[in-house]
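Computed from the coordinates by the stated procedures, all read-outs in this text should not be read as laboratory data. Quantities reported herein were computed from a predicted structural model and do not represent experimental measurements. As a convention, Cβ positions derive from the backbone with ideal geometry for all residues, glycine included, and neighbour counts pool all protein chains shown.
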Amino acid sequence: MKKILHYSLLFFWTACVAPRAVWAQDTDLVYQTDGKTLVCKIASVSASKIVYRSPQNPGMSYAMNTADALLAFSSNGNYIVFPFDGSPATAAGFLNLPDRKNGDVVVTADQAAFAVASLQLTDKELKYLPKSKDKKPKEQKLAKDKLVAIFYKTGK
């Protein structure tokens, strides 16, 4: 009886709990035009659609129009702003580039998104140092009304 219980618990863990724990570490986020956030795993991106899998049903693939998306973040920290140029290189870069979780990401009203080394948000503006290979990048400023979002490297 004890052996049956042990194997039952082991089966439950491997079938139900472990895949969810692995899935949680490997999720992408799509910020939609309706204000919702889609938690998923993106399989492909084209100029017109995003193909993804849902954590509730990882065996099925779903698609959404890119017109319904504002921004997507991959689990490795890469991002893509919509609409994008539709080039396969841009899509492949979004899905396959190495981790970029070493900086915060700023998104502006003109749909630009860029990584910053450091930032300071005041009442009127965002002061930041852009991620750069230069030894001493110059501080940049962005008016607060031009700022859409800040995605911190911590995931907040």
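Quick one: T66, T108, fewest Cβ neighbours within 10 Å first, how do they rank?
The fewest-first ordering by Cβ neighbours comes to T108, T66.
State, to one decimal in nm, how far the label point of N76 lies from the label point of V39, with both points 7 Å from Cα in the Cβ direction.
The two pseudo-label positions are separated by 2.3 nm.
Quick one: which residues, 5+ away or cross-chain, put their amide H under 5 Å from the amide H of A69? H built at 1.01 Å from N.
Answer set, sorted by chain and number: T33.
Ranked by Cβ crowding within 10 angstrom, fewest neighbours first, how are E125, E139 ordered?
In increasing order of surrounding Cβ atoms, one gets E139, E125.
Could you work out the local net charge near T122, counting Lys and Arg as +1, Asp and Glu as -1, over the other residues with Cβ closer than 12 Å to its Cβ?
Result for the neighbourhood of T122: +2.
By how many nm would the segment from D134 to L147 grow when fully extended, if each residue of separation counts as 0.36 nm and the alpha-carbon distance is taken off?
Going from the current span to full extension adds 2.2 nm.
By counting other Cβ atoms within 10 Å of each Cβ, how are D134, D28, D104, D123 ranked from fewest to most?
D123, D134, D104, D28
Please give every one of the aspartates and glutamates within straight-line cross-link reach of K131, meaning a C-alpha to C-alpha distance under 18 Å, and leave out same-chain neighbours fewer than 8 residues apart.
D99, D104, E139
Long-range amide H contacts for Y79: which residues qualify at under 5 Å (H placed 1.01 Å from N, peptide plane, sequence gap of 5 or more or a different chain)?
Hits under the 5 Å cutoff: S74.
For Q32 and A89, compute 0.36 nm times the residue count separating them, minus their Cα-Cα distance, and round to one decimal in nm.
So the chain would gain 18.2 nm between Q32 and A89.
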